[in-house]
Amino acid sequence: MRKTVGIKRPIAVLILASLLVGMATFLAHENRAFGQERRTLWWGRSGSDVRLVQSTLSNWGYYKGKIDGYYAYSTVAAVRRFQRDAGLFPDGVVGRKTWEALGFPVIARAQTAFRPVTRNDELSLLARVITGEAQGEPYEGQVAVGAVILNRVRHPSFPKTLAGVIYEPWAFESVANGLIWTRPISPTAWRAAQDALNGWDPTFGSVFFWNPSKPVSGWIWTRKIITRLGNHVFAR
Amino acid sequence: MKSRMRWFGLIGVALVLGVLTWGGYQGRLSAGYRNALEAQYQRDFYDLINRVEQAQVTLGKSVVSGSAAHNASNLAEVWFQASSASDTVAHLPLKGVNMAATRKFLTQVGDYARTLSLKTARGDNLSKKETQQLSEFEAEMAKLARDLHSLENRLGIGEFRWASVIGTPGMISSIRTRTVQEDGPGNLRVFGDINQRLQQLPNLIYDGPFSDHIEEIKPRGLTGSMVNQNQAAEIARRFVNTQQGFVYRVTESRKRTAGRIPAYPFILESRNTPGRIFINVSEKGGHVIMMVNSRRVTSSSISPEAAMDRASRFLRENNYSDMIPTFAASLDNTRVITFVKREGNVVIYPDQVKVKVALDNGQITGFDATQYLVAHYDRDIPSPQLSQQEARARLSPMIKVENSRLALIPMDGGREVFVYEFRGTYNEDVYFIYINAKNGREENILKLIQTPNGELTM
């Protein structure tokens, strides 16, 4: 009789341990903040986007607490103070307007269901890839990367839609390694994407770009090189 | 002591089992992903075969058809199947294989068929040469279908799985843009072979947007003599400094660009204003092709009307005469205004220039004359053979016409057509309808998409 008790306990421990590990795995998958489609944040939420709000508010002197990623009392109070100063309704909830006031544009949605404005969707997608591919490049280099993507849409050897070009397997490193989902869109990339969509093209119709200091195959050098901007070579 | 040891042992076993559970979970997760991915790729691949075969069959029909009206629908079907096939090729994980020629082939077959479909829809029969071209396309399509089937056989018996292409480690770092050798690895080699064969096809010249001659159109607006880098730098400096109160110096001169419009790029910076200006000055004629200023504009103090005046004045100062605004949009405290040329009472749409005005101080922070410099030349504007009334009679009764004027519009394949432009509304939406001023044919319809800050200025 005693023996059975002795066996039961370790089994309970085992089950508990595996449950814990399993749960940790789940949480690791579920809790990832997703790119620029900003969540609405309120009391009780947690994650890297909460940390972003906390660090921004702390830089601006609204938030004094720890940057721990938990949306609790002190964060709510800081957000309220910020909203009051920004002329927003102080509800302590970070929604679209508050995100924007904090300097993080939220993806603009089409205006109405039956009259869609596709260019807004294109703008955020393009800005996202520019951020992923050309962060730290000079401004014209960022416009150029946007222009190359748009030139591909008009080129017979590439897909005919912006999403088709961007999500083509292995076409862009930042899509392949997930950087476009994790890097927040930079304000510069946003403006560069606007300029590219408005037709500015510093590359004269290029459809390829690469960084010559990174390993690339010899094939790419057979293309006609048009110009060099920042760290990228542009070719068609 | 003994019981403590036993506890450590048990915790150890618990951890091992925990890791095993975790590993099992991960394994099942990745198997799930792999299967979902494989299903997608299999679907894309079989769609591709299907579309290529359909395109081949319909190409054959279009060759033997004797009815222009019936052929219009055959050719439209070729267009749909071939361009869908081109898109589908771009979905497949063809790692390490250059598919540019294959996709170009499929796009061009579709585009060519579309051009002929329009022709036959007007009642014209295909020429001998066009029929010949379609029959050559059919033969190529047949070879393509045959090669795809050879890979399909291996997929069918499970010798090859698409998802296995994804699983290779280390592929991400080495692949950037569309790098790669001509012949892909292993099972994908068949695609490399296809592409090599299609690369040998001669250039295709026809009246569509993907015709090979489009790439070779010489810019007509580049008039004047050649300038060297120093002269170009002086032109860039003057162009930027014509704006009152700004003093910019050239801080970087870059190597001349190759390509359709050889140009000298410069960077200009100012001591008292933030922002870097990037500017391209053409080697031939020393024209400013485009300019962008990286300055972030954070406030608006001048009105859209004042911005318009500012942009118009700027164009006049830089020898762009008779330019009229067609569209303006506000974005992040800047206003982007599109201007086109007007000759007499005719609006010349191909001659287009864009100007961007900062709404904080009226500075010109962007300029783009690429289209103008490619398209502009001294044209002989014909006189219309249809009266405005006659052209208007060709419009659909659904449209409520608001006004009209004469215009020259760019068409696919680089042609320009002389038309009446009618602006009208249907269901509160604004449409522009273009009626050929010579033969009354409806050449194009544009629908104005309302954007929050954009407005027509005509």
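Name the residue that is surrounded by the fewest Cβ atoms within 10 Å (Cβ to Cβ), counting only residues in segment B:56-79 that are within 27 Å of the chain's Cα centre (by Cα) and of a type in the set (A, V, I, L, M, F, W, C). My answer is B:Ala76. Considering segment B:410-436, and only residues there that are at pLDDT 90 or above and closer than 29 Å to B:Glu216 by Cβ, the residue that is surrounded by the most Cβ atoms within 10 Å (Cβ to Cβ) turns out to be B:Val419.
Of the helices (runs of 4 or more DSSP H) that lie entirely inside segment B:150-214, those containing 2 or more residues that are touching a Gly at 6+ places or on another chain (Cβ under 9 Å), modelled with pLDDT of 80 or more and surrounded by 14 or more Cβ atoms within 10 Å (Cβ to Cβ) span B:189-199. Being more than 7 Å from every other protein chain (Cβ to nearest Cβ) and in a loop (DSSP other than H, G, I, E, B) is the filter; apply it to segment B:95-122 and report the residue that is farthest from the chain's Cα centre (by Cα). Going through the qualifying residues, I end up with B:Arg122.
Within the set B:Glu343, B:Glu402, B:Glu390, the sole residue that is under 15 Å from B:Ser321 (Cα atoms) and away from chain A (no Cβ under 14 Å) turns out to be B:Glu343.
Pairing residues of segment B:47-68 that are within 18 Å of B:Glu136 (Cβ to Cβ) and in contact (Cβ under 8 Å) with a residue 40 or more places away in the chain with residues that are assigned to a helix (DSSP H, G or I) and hydroxyl-bearing (Ser, Thr, Tyr), at Cβ distances under 7 Å and at least 6 apart in sequence or on separate chains, gives B:Val63/B:Thr131; B:Val63/B:Ser135.
Could you list, in sequence order, the residues of segment B:1-41 that are among the hydroxyl-bearing types (Ser, Thr, Tyr) and farther than 30 Å from B:Val89 by Cβ?
B:Ser3, B:Thr21, B:Tyr25
Spot the failing condition for B:Gly245; the list is (1) over 30 Å from B:Asn361 (Cα atoms); (2) assigned to a loop (DSSP other than H, G, I, E, B), and only one is missed. Result: B:Gly245 fails condition (1) only.
Determine if segment B:14-37 includes at least one residue that is under 30 Å from B:Lys129 (Cα atoms) and in contact (Cβ under 8 Å) with a residue 40 or more places away in the chain.
Keep residues of segment B:14-37 that are under 30 Å from B:Lys129 (Cα atoms), which gives none.
Within segment B:14-37, not a single residue is under 30 Å from B:Lys129 (Cα atoms) and in contact (Cβ under 8 Å) with a residue 40 or more places away in the chain.
Within segment B:249-267, if we keep just the residues that are touching a Ser or Thr at 6+ places or on another chain (Cβ under 7 Å) and either of a type in the set (Val, Ile, Thr) or within 17 Å of A:Tyr139 (Cα to Cα) (or both), the residue that is farthest from the other protein chains (Cβ to nearest Cβ) turns out to be B:Phe266. Only one of the numbered conditions (1) surrounded by fewer than 18 Cβ atoms within 10 Å (Cβ to Cβ); (2) more than 30 Å from the chain's Cα centre (by Cα); (3) not hydrophobic (A, V, I, L, M, F, W, C) is not met by B:Tyr248, and that is (1). The set of residues in segment B:202-233 being touching a helix residue (DSSP H, G or I) at 6+ places or on another chain (Cβ under 6 Å) and on the phi > 0 side of the Ramachandran plot is empty. Taking the criterion of being at the interface with another protein chain (Cβ under 10 Å from one of its Cβ atoms) and either among the aromatic types (Phe, Trp, Tyr) or at positive phi (or both), the residues of segment A:175-204 that qualify are A:Gly178, A:Trp190, A:Gly199, A:Trp200, A:Phe204.
Kindly establish whether A:Ala193 is crowded, with 19+ Cβ neighbours inside 10 Å, without any contact (Cβ under 8 Å) to a residue 60 or more places away in the chain and under 25 Å from B:Ile279 (Cβ atoms). Taking the combined requirement at face value, the residue does not satisfy it. Restricted to segment A:55-71, and to residues that are touching a strand residue (DSSP E or B) at 6+ places or on another chain (Cβ under 9 Å) and either surrounded by 16 or more Cβ atoms within 10 Å (Cβ to Cβ) or of a type in the set (A, V, I, L, M, F, W, C) (or both), which residue is nearest to A:Lys97 (Cα to Cα)? Looking at the filtered set, the residue picked out is A:Tyr71. Going by what's in this entry, would A:Gly164 be described as farther than 30 Å from A:Trp99 by Cα, out of contact with any strand residue (DSSP E or B) (no Cβ under 7 Å at 6 or more places or on another chain) and within 8 Å of another protein chain (Cβ to nearest Cβ)? For A:Gly164, the condition - farther than 30 Å from A:Trp99 by Cα, out of contact with any strand residue (DSSP E or B) (no Cβ under 7 Å at 6 or more places or on another chain) and within 8 Å of another protein chain (Cβ to nearest Cβ) - is not met.
Is segment A:226-236 home to any residue that is hydroxyl-bearing (Ser, Thr, Tyr), over 21 Å from A:Thr161 (Cα atoms) and either touching a Ser or Thr at 6+ places or on another chain (Cβ under 8 Å) or within 7 Å of another protein chain (Cβ to nearest Cβ) (or both)? Taking every residue of segment A:226-236 in turn, at least one turns out to be hydroxyl-bearing (Ser, Thr, Tyr), over 21 Å from A:Thr161 (Cα atoms) and either touching a Ser or Thr at 6+ places or on another chain (Cβ under 8 Å) or within 7 Å of another protein chain (Cβ to nearest Cβ) (or both).
The values are calculated or read from the model by the stated rules, or taken from the named source; none is laboratory data. Model, not experiment: these values are computed from the prediction. Cβ sites come from the backbone with ideal geometry, for glycine too, and all protein chains shown count toward neighbours.
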